[in-house]
Amino acid sequence: MALTNDPREAARGRADNEAAQGTALVTSPARIEIPDSAPSDDDLLAPFGMEEHPTGGFHGLLEVIPTKADLVIDLIRANSLWPLLSGLSCCAIEMMSTATSKNDIDRFGMFPFRASPRQADVLIVAGTLTTKMAGPLVRLWEQMPEPKWCVAMGTCTTSGGRFKRSYSVVQGVDRVMPVDVYVPGCPPRPEGLIYGLLKLRELVMARRGQWRTYVDRGPQRVAWEGDVR
Amino acid sequence: MRLLVERFPETARDLWTDEDTVEVQLPRDAVVETLRTLRDDPEFGFFMLADAAAVDYGIGHHFEVVYHLFSDRHPAWLRVRVPVERANPRTPSVTSLWTGAMFHEREMYDMMGIVFEGNRDLRRIYMSPDYRSFPQRKDFLLPDDAADSSAAGVNPLERPETWDLTTFSRELTSSAATYPPPDTQVDVPAEAYPHGQESADKSRPA
Amino acid sequence: MTAVDPETRIPDPIDLDRGEEARLRAAAGLAPPSAAAGSEYAGFELVGVPDRPLQTEREREMYTLEEGEMLLNMGPQHPSTHGVLRLVVKIRGEMVTDLDPVFGYLHRGIEKLCENATYTTVLTYVDPMDYLASMHNEHAPAIAFEKLFGIQAPRRAEYIRALVVELNRVFSHGLMIGFLALDMGGLTPILYSFINRDDVVELLAAISGQRMLFNFFRVGGVNWDVNDEFLSRLGTWHGTVMKSIGDNEKLITENEIFKGRTRGMGILSGKQAIAYGVTGPNLRASGVPFDVRKAHPYSIYDELEFDVITQQSGDVYARYLQRIDEIKQSLHLIDQIMDKMPHGPVQAQVPGIIRPKPGRAYGAVESPRGLYSVYAISDGGPTPYRFRMRDPSFISLQVMPMLMPGHLIADTMAIMASLDPVMGGVDK
Amino acid sequence: MDFSLLLGLGRFVLATTLLLLLTIPTAFVVIQLELKVIALMQLRLGPNRVGPRGLFQSTIHGFKVLAKEDTVPDQADRATFTLAPWMVYMAAAMSMLVIPFAPGFVAADFNIGVVYFFAILGLSVVGLLVAGWSSYNKYSLLGGLRSAAQMVSYEIPLTLSVVGVVLLTGSLSFSQIIAHQLAHGWNVWWQLLGFPIFFIASTAEINRAPFDLVEADSEIVAGPFTEYSGMRFGFFFFAEYVALFIMSAILVTLFFGGYLAPWPFPAQLGGFIGILYGLLWFFAKTYFFIFVAIWMRTTLPRIRVDQLMGVAWKVLLPLSLINLFLTAIAVVAFKL
């Protein structure tokens, strides 16, 4: 029997097949008689611009509404990323420099540095993370509402950097919390951080950011205590 | 310097000088009285405590508390070295002379485990209160050094278990002023000592 | 490494319900979290008391609450604590009755790392300490190591050192003015300060190659000679620097609200300042003319003409004016240095791995925050045996518990900003 | 059923709904103005990516908070925590009802409009206090108490300075006040003391710099809003700017002739053209005062809480009483 995409043909075919082979366990019900004059699916779907795709499934005009709504939300989110006003160390000064007159990230809608984590979208971890600070930082991250993103700024934050051997430094912030964008440099120039934040915008628009996986995994406490060596 | 010899013939030892520093060694018992004289006597006038640091001369040797003093009457810094026993690291506090010695002494206690008698706020300043090592002692090895040394595989790191309440009930009983008790503190497990000692114990400077 | 038995370990209290936490605490011999006497909302007031027996006399005094008092925990993440400083403030209404600074949230163990690094590498490790004065951070170890090693930097190198150090002082003081205004609610001065700061760091990047952690000093000299880009940028900057400083002065100095909030606020007398070990502009604002550049002239400061500026009142406003005056003085010093700079090499002949003779050396410089000193002990090896740094802002913060009682919460910010602590230096 | 009553009711409902819907765009416009003006004063470019010259940045911010997760702290009082943003926002939005935008262009022209306005405006302090109390956060609590102290104190000089205007015009209705100004010139000329008192007190009443102690960023993280996220925070955020708009509008109405042009109102302009002409002048004056408020925010540091109280009780209250006294004498003496 030839493979077909038409459900009506398939139904007929299956019934014929079963009848011929005698494999139908119960007597098949009365055959579905579909008069040829009845409108086909194609006719019904035509006003909505729907058509079958060669590999299966349908595409059409109204599809725009749910899919493109997501796009709009992503665009809105990408253009309004409020960082948390939080700096750990040297990089914090360059982070502030990113917001000042010369390198103005307010252009991208990232300016109001919110003081409260409840109102922030991006946590820029700027500076060396020590074991004593790891707990408060993770708590800050958990206090931020979804969707949220994390940018690790500077080598100390991405890997421990020059303090990697130290007894009190966490060797990379990704040991205690998820990170979306890593910005290298010690500290990165403001232009570097802006580049990282623009990369983050791309992530947000492609909806590939950390918060998505975070949601998929379900909210979970990140074990930070056992992670450091 | 001559003044020092004249005024403290018994206590001052090991006098030494270079172009801008005068160095003197004092015994532990006389340090407060001598420093008080140095501060208040108009001939000396060392009114400012510039620095207070602790030095570890390695296992088997002693600690040393070093005070740097500044005077507007003398053209040199005065360095006062006070040896402290390693087994019983106690020395009198100078917070009665300079209130600002408080943080210096807290830092020395945190990093070296030297207990300052008479300091009313002697607790850890950098590490978490329940941290149980003294990182700047010479027998506290950084990870890479530990890998190089014969004590390889022993990790002297201790993480702060901030919420681990059981450690407090075990370690702390009544008086917490000397917490953690200095004589029970061992950074590297005891079996690592016979081999680890050589790499940690560097030759003492002259 | 403490192996914590998962069976006996008490889990994170935020995962527990209150009854269970109380039971576990009772089993561990700890006081229940809401054990305050009487008041219905006692648990709320006591949030902030450490979860452990109080250790010292001072701590017990701090964390014992009287009727009507409450603990407020500022930091380590708070918009105006200049990094990760944590202040536990005991308040009665808006009035601060006691204050306990808690450090260590940025403790990176730099001293220990330096003891495991060669003399040349040490100069890179100290950069991120006081990250607004990296040049000063490198200057003191360079002086101490040169004493240990018994060499002298060439005169041109000393002039270049003094030049970059004064440039660093200008932007550091400028930022302090901006942060002080920001902590008092003024939004604009910090941006004007940063314009100046960006100019200076680009200037220093032209000579050293890095914007913030310059790594410019070497034992026995400096890394590079001045170049054309540096000189042209210096000329441009010198023409415009007083504009951004002047803009800030116009915004702040005669502002009635600013004066009302800073005059007579946090008065530190000269005697107290010396007893507490406060140095630098904070000490000079209290009327004590102590400046390491005059008291123990290092580098070429004995050849330059400058006065030790002091203010008399010792309040927040005096500390602000002191910074403004010192900026102008630094510009004056930069002029002199550029006039007098001799020709010659910028780096003495030193071996690749330096092994000084055993000995001890003390090097002190005047950083924007005060006396910054290094005490280095050599045992003849390639690494310092002991490397100790005295950071001025660490010691300056001691006056906070003394200054604060009787002031309001808002003054905490003003007084702290006027002391100008940098947490990288405080926590090392 | 009386048809005219039904018509009036319908008109009221329609106008109210329309105005409530209009508050959101108003907030967007004012926020955008603030973003851009502050940026330019700080030698920055300000938002310039979204829409032409970044005009829609504030709208984007607004929709963003709509799409954020809404958190409620574990130990917060859930009911009041949820209610507080509504109280604050409604207090700001409801007072928009009595503002005469243009001749005949007013949602509800009460004869006690002034009383209604201050009664509704006073509600917002309840909302802030409730928000501060219910958050179970010490910063919120401090902020809530600050807001209570500040707004209750400043309502007294604020109201007393308006009583001067009421004495002068002899009416509590905003349209009557404007009509009086049409005949006698702007009230600001007759209330040279009353206007600055009203201006300062109204700035404090809506928590704008330099009186923004309630959400002082550098002291008490975000005051009562510290624990709020998502749309609940958005309501507080919008309410602040709606209140700024309304205060400027009321200031203009009471002292600067509302929708009247600086020169005599051309009588032949009626109907639609008249409304447009009035709207033009009304918005021009209102946005001028909004600009002044933003300007003050950029320039001035924040004042301290004891200075705040001192200004209210030691300076503004005596001055407003003097103003009231002088106005009363003048009204009696000159039969104004």
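The values are calculated or read from the model by the stated rules, or taken from the named source; none is laboratory data. For clarity, every value in this text was computed on a predicted model and none was experimentally measured. Every residue, glycine among them, receives a Cβ derived from its backbone with ideal geometry; neighbour counts consider all protein chains shown.
Find the helices (runs of 4 or more DSSP H) located wholly in region C:242-352 whose residues include 1 or more that are of a type in the set (S, T, N, Q), in contact (Cβ under 8 Å) with a residue 24 or more places away in the chain and within 14 Å of chain B (Cβ to nearest Cβ), and list them. Let's see the steps before the verdict.
Values: elements: C:256-262, C:270-275, C:281-284, C:292-295, C:316-340.
Filter on region C:242-352 gives C:270-275, C:281-284.
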Taking only pairs six or more apart or across chains, which ones have beta-carbon atoms under 7 Å, a first residue in region D:297-322 that is more than 18 Å from D:Gly164 (Cα to Cα), and a second residue that is of a type in the set (Asp, Glu)? D:Arg302/D:Asp212; D:Val305/C:Glu94
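Which is on the phi < 0 side of the Ramachandran plot and in a helix (DSSP H, G or I), of D:Leu260, D:Leu326? Give the derivation first.
Values: D:Leu260 fails: in a helix (DSSP H, G or I).
Being on the phi < 0 side of the Ramachandran plot and in a helix (DSSP H, G or I) holds for just one of D:Leu260, D:Leu326, which is D:Leu326.
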Considering only residues that are assigned to a loop (DSSP other than H, G, I, E, B) and under 17 Å from the mean Cα position of the chain (by Cα), which ones fall in region D:69-105? D:Ile99, D:Pro100, D:Phe101
With respect to the numbered conditions (1) farther than 19 Å from D:Gly230 by Cβ; (2) at pLDDT 85 or above; (3) touching a Cys at 6+ places or on another chain (Cβ under 7 Å); (4) not β-branched (Val, Ile, Thr), which one is the sole condition not fulfilled by A:Tyr195? (3)
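Do any helices (runs of 4 or more DSSP H) entirely within region D:140-245 hold 2 or more residues that are within 17 Å of D:Ala293 (Cα to Cα) and not β-branched (Val, Ile, Thr), and if so, which?
Details: elements: D:174-184, D:187-190, D:194-205.
Hits in region D:140-245: D:194-205.
Listed residues C:Val88, C:Val164; which is more than 11 Å from every other protein chain (Cβ to nearest Cβ), under 26 Å from A:Thr128 (Cβ atoms) and not in a helix (DSSP H, G or I)?
Details: C:Val164 fails: not in a helix (DSSP H, G or I).
Only one candidate qualifies: C:Val88.
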Any idea which residue in region B:19-37 is modelled with the lowest pLDDT, counting only those that are within 14 Å of chain C (Cβ to nearest Cβ) and buried (at least 16 other Cβ atoms within 10 Å of the Cβ)? B:Asp20
Out of (1) in contact with an Asp or Glu (Cβ under 6 Å, 6 or more places away or on another chain); (2) under 30 Å from D:Leu145 (Cβ atoms), what's the single condition that is false for C:Ser330? (2)
Could you count how many residues in region B:48-62 are surrounded by fewer than 21 Cβ atoms within 10 Å (Cβ to Cβ) and in a strand (DSSP E or B)? 0
Residue check, C:Ser208 at pLDDT below 85 and buried (at least 20 other Cβ atoms within 10 Å of the Cβ): no
Could you tell me whether A:Tyr195 is surrounded by 24 or more Cβ atoms within 10 Å (Cβ to Cβ) and without any contact (Cβ under 8 Å) to a residue 24 or more places away in the chain? no
Residues being among the charged types (D, E, K, R), more than 14 Å from chain D (Cβ to nearest Cβ) and in a loop (DSSP other than H, G, I, E, B) - total across region C:91-114: 1
Of all residues making up region D:114-171, the number that are within 14 Å of chain C (Cβ to nearest Cβ) and touching a residue at least 40 places away in the same chain (Cβ under 8 Å): 15
Quick check: is even one residue across region D:270-280 assigned to a loop (DSSP other than H, G, I, E, B) and either surrounded by fewer than 24 Cβ atoms within 10 Å (Cβ to Cβ) or without any contact (Cβ under 8 Å) to a residue 12 or more places away in the chain (or both)? yes
Please go through region A:128-163 and pick out each residue that is surrounded by 24 or more Cβ atoms within 10 Å (Cβ to Cβ) and among the hydroxyl-bearing types (Ser, Thr, Tyr). A:Thr128, A:Thr130, A:Thr131, A:Thr157
Examine region C:142-157 for a residue that is small (Gly, Ala, Ser), within 14 Å of chain B (Cβ to nearest Cβ) and buried (at least 20 other Cβ atoms within 10 Å of the Cβ), and state whether such a residue exists. yes
Condition first: within 14 Å of chain D (Cβ to nearest Cβ), hydrophobic (A, V, I, L, M, F, W, C) and touching a residue at least 24 places away in the same chain (Cβ under 8 Å). Now tell me which residues in region C:182-213 satisfy that. C:Leu182, C:Met184, C:Ile195
Hey, D:Ala108 hits all of (1) more than 14 Å from chain A (Cβ to nearest Cβ); (2) assigned to a helix (DSSP H, G or I); (3) surrounded by fewer than 20 Cβ atoms within 10 Å (Cβ to Cβ); (4) touching a helix residue (DSSP H, G or I) at 6+ places or on another chain (Cβ under 7 Å) but one; which does it fall short on? (2)
Scan region C:101-122 and tell me whether some residue there is touching a residue at least 40 places away in the same chain (Cβ under 8 Å), farther than 30 Å from C:Pro382 by Cα and in contact with a Leu (Cβ under 6 Å, 6 or more places away or on another chain). yes
Residue list for region C:72-85, restricted to those being buried (at least 20 other Cβ atoms within 10 Å of the Cβ) and either modelled with pLDDT of 85 or more or part of a strand (DSSP E or B) (or both): C:Leu72, C:Met74, C:Val84, C:Leu85
Filter region A:82-118 down to the residues that are among the charged types (D, E, K, R) and within 8 Å of chain C (Cβ to nearest Cβ), then identify the one that is surrounded by the most Cβ atoms within 10 Å (Cβ to Cβ). A:Glu94
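Output yes when any residue across region D:312-331 is touching an Asp or Glu at 6+ places or on another chain (Cβ under 9 Å) and modelled with pLDDT under 90, and no when none is. First the steps, then the outcome.
From region D:312-331, those touching an Asp or Glu at 6+ places or on another chain (Cβ under 9 Å) are none; that's our starting set.
The answer is no, given that none of the residues of region D:312-331 is touching an Asp or Glu at 6+ places or on another chain (Cβ under 9 Å) and modelled with pLDDT under 90.
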One residue is enough: does region C:40-61 have a residue meeting the conditions assigned to a loop (DSSP other than H, G, I, E, B), away from chain B (no Cβ under 12 Å), at pLDDT below 85 and under 30 Å from D:Asp217 (Cβ atoms)? yes
Hey, can you tell me all the residues within region D:122-147 that are closer than 19 Å to D:Met247 by Cβ and surrounded by fewer than 24 Cβ atoms within 10 Å (Cβ to Cβ)? D:Gly122, D:Leu123, D:Val125, D:Val126
Do you know which residues across region A:152-206 are polar (S, T, N, Q) and assigned to a helix (DSSP H, G or I)? A:Thr155, A:Thr157, A:Thr158, A:Ser159
Among (1) assigned to a loop (DSSP other than H, G, I, E, B); (2) closer than 30 Å to B:Phe134 by Cβ, the one test that A:Val138 misses: (1)
